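Note sheet for the following structure.
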């Protein structure tokens, strides 16, 4: 599956043609000195699930460059996810970068210039762009760094000292990022490809208080996140699934994780669950608290969204309903059980377009019974352990 929207990238060959006329970075053949690096910059503007999947990459950079201070250029939510994980020393945050929207080009350019200014305060030994986004490679071009490395998915090899070509046999985002480091001379431990998150002592105590206040201690807690970053990824049968689980397990409690910008979705779901509202607890918190509350769940049921990756990183069994994206690209990696649900027979999958001409057939065809049976099976597995 293409990792970038073809509708947005089809003109990049012309952009690359123009930029290459003015920019040329000499490629370097000698190995990068990871052990001697003191300052490393990583650029990765990604959504919450992708940030969780970035943790093995960050951990590997830390292990290969133990003396280096790591700076991450990222979205604000990435700092909320990673701030107490010990993987990043400094965050440079912005939710806007070059041409991130069509309607606010000047604003986005201004924000990008501010980010560049902040980056140029430091002389970096190594700068990394492990996603292969031409916008971020162009930003990296202005950074003061001895070595500049990135994937060449969308071009930009002429702006880097160490461009890395992708391996078409690698599909998952975690594997791809770890391969990137391997090609740059890092020692990569395959046993550490699984993302892991940890709570602070204060967060653990606060979760205990939350459990007591909501009457959830010693209860079966089923986390549910029915939203996703785009509507195209949202399965519309969570209400029916929750009812079916409740009928089988009337003592189970459902913690429903709510997003700020999905009011209509949650209004409809809670209306559907009105007859079992006493079994449902709604969580609508800031990102840090949201992540913290995920850790109280016994299982997590969600779409292809950050919730599954967060739960998996806490070692919680996850059930993920996939629509347009293939699980092979972005399913959670975990030490716990990961169950994925998809319709492999829909001809238009995979796709990365924002609109759907087929009324989300890829999601509609995933049945409530199929997901329900998978959940009961996973709970039985846990009982046997």
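Derivation of every value follows stated rules applied to the coordinates shown; laboratory data play no part. Owing to the predicted nature of the structure, the values given are computational and were not obtained by experimental measurement. With ideal geometry, Cβ positions are generated from the backbone for all residues, glycine too; neighbour counts draw on all protein chains shown.
Assorted remarks:
- Listing 186, 282 from fewest to most neighbouring C-beta atoms within 10 Å gives 282, 186.
- Three-way shape label, region 6-192, alpha-carbon gyration tensor, a/c 1.5: rounded
- Highest mobility in the GNM of the chain, judged by mean-square fluctuation with C-alpha springs under 10 Å and restricted to 329, 58, 19, is found for 19.
- The chain: most fluctuating residue of 191, 200, 94 per GNM, C-alpha cutoff 10 Å: 191
- Values of log10 I(q)/I(0), in the order q = 0.17 Å⁻¹, for region 188-269 under a Debye, Cα-only, solvent-free model: -0.95
- Here 73, 205, 255 are placed in order of increasing Cβ neighbour count within 10 Å, fewest first, which gives 205, 255, 73.
- The calculated 222 nm mean residue ellipticity attributable to helices in the chain amounts to -11000 deg cm²/dmol, summing -39500 (n - 2.57) over DSSP H runs of n ≥ 4 and dividing by all residues.
- Ranked by how many other beta carbons lie within 10 Å on average, peptides 215-222, 176-183, 311-318 from highest: 311-318, 176-183, 215-222
- When its C-alpha radius of gyration is set against 2.2 N^0.38 Å (N residues), region 201-384 gives a value of 0.99.
- Both radii come from the Cα set of region 169-210: Rg as radius of gyration, Rh as Kirkwood radius; their ratio Rg/Rh reads 1.27.
- Exposure proxy ranking, count of Cβ atoms within 10 Å, fewest first, for 258, 53: 258, 53
- Pairwise Cα separations in the chain fall into 10 Å bins from 0 onward with the following percentages, short to long: 5, 22, 31, 24, 14, 4, 0.
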